[in-house]
Ligand SMILES: Cc1ncc(COP(=O)(O)O)c(C=O)c1O
């Protein structure tokens, strides 16, 4: 048995060596505080932060002034959703989102509901897609924000962001997207939306740093009050090495997006066809919808396969779709919304490939899984 194969890149990615190299001097050499505007240490740090801001803005096709560095996607989501809700409560108190969003979005919406806001959670079909007409008819005079993720972290399903954003924005309603899983895997621009968030550690950058894009007309209060950093939107001394890493990772991810995506799509499709050829009855959630090129959400066949995940997890690092054998309560809300049963969720896993994944990795991983299913079925 060789070392475990990492196929959980949607959970997190390693830092790219080129990114780390750019970050290192900002720990030990250029350690100034970017807010220290009276000496060269501060100037150097500030210049590096602004260079990173420009890298991100260029990659997203927007102006650097609209980019705020955060601690990650969760913070960006909290700042945007709670901020818009509070700043524009005078216009209305209705928000629309989707049942399959990340916990950060659903959590913000739940908090706002407790504070008297109304939230519509749009359903998805079996393929994980929202219905444009249902979205349109959910909008009311009270709606201030629609938040729809670009790509789902569990299934990779892609929503038609440009189309729905145009429809929502034409009604004078803010449109936000969580693009955390999309950056570097599919082309992403922030031009069509009012707010966009993403995270460094999903794109071969460091953990603990993220990006929040806000269009000029979106004015939100600070989530963290402090020394006025980030144009007053986020108090606290900037994480300079992290931000430098974020800028570099972002630029690399976007410039290599097409090549990386084509390679990963080829490997993911091979992985799925190898499994299909050996395991009749296997299913892939979201397979009929547009999907991220690196993600495969697999329902293994056979009633006994609930134990499959535990038995193959030591050799292949993947994400199970169920926390434990505790039925609906422990099951993925994303799969539940797509009509997957609690029993099926127990034998479902997310396999997510990365730029370092090789054909040997995916063939070996598929082999481990096929052997585990056969062994369990024969027992
Ligand atoms: C789609 C999506 N949104 C938000 C997040 C949260 O990101 P962070 O860890 O940077 O807060 C994640 C990470 O799991 C994610 O996959």
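The values are calculated or read from the model by the stated rules, or taken from the named source; none is laboratory data. Every value quoted in this text rests on a predicted model; they were computed, and no experiment measured them. Cβ sites come from the backbone with ideal geometry, for glycine too, and all protein chains shown count toward neighbours.
Please enumerate the residues belonging to the range 126-140 that are closer than 30 Å to residue 90 by Cα, in a loop (DSSP other than H, G, I, E, B) and touching a residue at least 40 places away in the same chain (Cβ under 8 Å).
If we filter the range 126-140 for residues that are closer than 30 Å to residue 90 by Cα, which is where we start, we get 130-140.
Applying the additional criterion that residues be in a loop (DSSP other than H, G, I, E, B) yields 130-131, 139-140.
Hits for the range 126-140 are 139, 140.
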Quiz prompt | Qualifying positions in the range 224-244 - within 16 Å of the ligand (Cβ to nearest atom), more than 17 Å from residue 32 (Cβ to Cβ) and crowded, with 18+ Cβ neighbours inside 10 Å | solution = 234
Quiz item: residue 98: within 16 Å of the ligand (Cβ to nearest atom) and touching a residue at least 40 places away in the same chain (Cβ under 8 Å), yes or no?
Solution: yes
Quiz prompt | the range 313-327: number of residues that are at pLDDT below 65 and outside any loop (DSSP other than H, G, I, E, B) | solution = 1
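Does residue 211 satisfy being farther than 25 Å from residue 292 by Cβ and either modelled with pLDDT of 95 or more or not assigned by TED's automatic domain parsing to the domain that holds residue 168 (or both)? Write out each step before concluding.
Numbers: farther than 25 Å from residue 292 by Cβ: no; either modelled with pLDDT of 95 or more or not assigned by TED's automatic domain parsing to the domain that holds residue 168 (or both): yes.
It is false that residue 211 is farther than 25 Å from residue 292 by Cβ and either modelled with pLDDT of 95 or more or not assigned by TED's automatic domain parsing to the domain that holds residue 168 (or both).
Test of understanding: among 278, 273, which residue is closer than 23 Å to residue 349 by Cα, touching a residue at least 24 places away in the same chain (Cβ under 8 Å) and surrounded by fewer than 16 Cβ atoms within 10 Å (Cβ to Cβ)?
Being closer than 23 Å to residue 349 by Cα, touching a residue at least 24 places away in the same chain (Cβ under 8 Å) and surrounded by fewer than 16 Cβ atoms within 10 Å (Cβ to Cβ) holds for just one of 278, 273, which is 278.
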Quiz item: So which residues in the range 177-223 are away from the ligand (no atom under 12 Å from the Cβ), under 15 Å from the mean Cα position of the chain (by Cα) and closer than 19 Å to residue 235 by Cα?
Solution: 213
Self-check item: Test: residue in the range 112-125 that is over 25 Å from residue 190 (Cα atoms), within 16 Å of the ligand (Cβ to nearest atom), within 25 Å of the chain's Cα centre (by Cα) and without any contact (Cβ under 8 Å) to a residue 24 or more places away in the chain
Solution: no
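Hey, does the range 213-230 have a residue that's closer than 26 Å to residue 19 by Cα and part of a helix (DSSP H, G or I)? Steps first, answer last, please.
Taking the range 213-230 and keeping what is closer than 26 Å to residue 19 by Cα, we get 213-214, 229-230.
Filter once more, keeping what is part of a helix (DSSP H, G or I): 230.
There is at least one residue in the range 213-230 that is closer than 26 Å to residue 19 by Cα and part of a helix (DSSP H, G or I).
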Quiz item: So, of the residues in the range 141-167 that are outside any loop (DSSP other than H, G, I, E, B) and buried (at least 24 other Cβ atoms within 10 Å of the Cβ), which turns out to be nearest to the ligand (Cβ to nearest atom)?
Solution: 151
Quiz prompt | Check on residue 20, more than 16 Å from the ligand (Cβ to nearest atom), at pLDDT 95 or above and within 23 Å of the chain's Cα centre (by Cα) | solution = yes
